[in-house]
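Read through the structure below, which is laid out as structure tokens, and then see the notes.
The values are calculated or read from the model by the stated rules, or taken from the named source; none is laboratory data. From a predicted model like this one, the values you see are computed outputs, not experimental measurements. Counting neighbours? That spans all protein chains shown, and the Cβs are built from the backbone with ideal geometry, glycine included.
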Amino acid sequence: MNDKVPMTKAGYERLEEELRRLKGVERPAIVKAIAEAREHGDLSENAEYTAARERQSFNEGRIQELESKISRAEIIDVSALSGNTIKFGASVTLIDDDTDEEITYQIVGEDEANVKNGLLSITSPLARALINKTIGDSVEVKTPKGDKGFEILKIAYR
């Protein structure tokens, strides 16, 4: 699992901020909660202690996951990219063949993806179909609701 994890600078900064919060805020709060729960006596029947330990386990697991992703991050400066071909970081405006609706997505790393905010994971079927395409190309994507067709209207790097 030493593969590089592509992400934008903004995505990398969000992961770093979450890691700082988990280590600097959550971890001390959990340690305090565990100490307080210990003061209540018998740990075998202490729900607060059990809940705090579970929270600690989740928090430490997330810290390890974030540290791994950050150490493997390949930060891609989208503003330095250009061209007429879709690659990681591109903002792509598409037109839905069925509805004639225009939609714009930026292709980003897995941890940055948020389709409602127009951020499409590089590993998604649509992003994979778009990679290496150019303006005017059409793509077909299998979705849970059936095949969807899109035409590429614009490609931008910002």
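Taking the options E65, E151, E74, name whichever one is in a strand (DSSP E or B), out of contact with any Cys (no Cβ under 8 Å at 6 or more places or on another chain), among the acidic types (D, E) and surrounded by 13 or more Cβ atoms within 10 Å (Cβ to Cβ). Before you say what the answer is, go through the steps one by one.
Working: E65 fails: in a strand (DSSP E or B); E74 fails: surrounded by 13 or more Cβ atoms within 10 Å (Cβ to Cβ).
Every option except E151 fails the conditions.
Restricting I63, I30 to those that are at pLDDT 95 or above, under 30 Å from Q106 (Cβ atoms) and of a type outside the set (D, E) reduces the list to I63. Between I107, I30, the distinction of being closer than 30 Å to G149 by Cβ, without any contact (Cβ under 8 Å) to a residue 40 or more places away in the chain and touching a helix residue (DSSP H, G or I) at 6+ places or on another chain (Cβ under 7 Å) belongs to I107 only. Restricting to the stretch 1-20, name every residue that is assigned to a helix (DSSP H, G or I) and either outside the structural domain of R62 (by TED's automatic domain parsing) or more than 16 Å from R158 (Cα to Cα) (or both). Within the stretch 1-20, Y12, E13, R14, L15, E16, E17, E18, L19, R20 meet the criteria.
Please find, within the stretch 110-123, the residue that is farthest from K154 (Cα to Cα) out of those that are in a loop (DSSP other than H, G, I, E, B) and in contact with an Asp or Glu (Cβ under 9 Å, 6 or more places away or on another chain). Among them, the one singled out is T123.
Contact map, the stretch 38-57: residues that are part of a loop (DSSP other than H, G, I, E, B) paired with residues that are charged (D, E, K, R), Cβ distance under 9 Å, separation 6+ or inter-chain. Pairs shown: H40/E48; N46/R38. On the stretch given as the stretch 96-109, residues that are within 20 Å of Y157 (Cβ to Cβ) and either among the aliphatic types (A, V, I, L, M) or part of a loop (DSSP other than H, G, I, E, B) (or both) total 4.
So that you can scan it fast, the table gives a plain yes or no per residue for (1) at pLDDT 95 or above; (2) farther than 23 Å from A10 by Cα:
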residue: S79; (1), (2): no, no
residue: D96; (1), (2): no, yes
residue: T99; (1), (2): no, yes
residue: G109; (1), (2): no, no
residue: V115; (1), (2): no, no
residue: K133; (1), (2): yes, yes
residue: K142; (1), (2): no, yes
residue: Y157; (1), (2): no, no
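The requirement of being under 25 Å from E13 (Cβ atoms) and assigned to a helix (DSSP H, G or I) is not satisfied by V31.
Consider K9 carefully, then state whether it is closer than 26 Å to V78 by Cα and not β-branched (V, I, T).
Working: closer than 26 Å to V78 by Cα: yes; not β-branched (V, I, T): yes.
Yes; evaluated as a whole, the condition is true for this residue.
Please count how many residues of the stretch 103-114 are within 10 Å of the chain's Cα centre (by Cα) and of a type in the set (A, V, I, L, M, F, W, C). Within the stretch 103-114, residues that are within 10 Å of the chain's Cα centre (by Cα) and of a type in the set (A, V, I, L, M, F, W, C) number 2.
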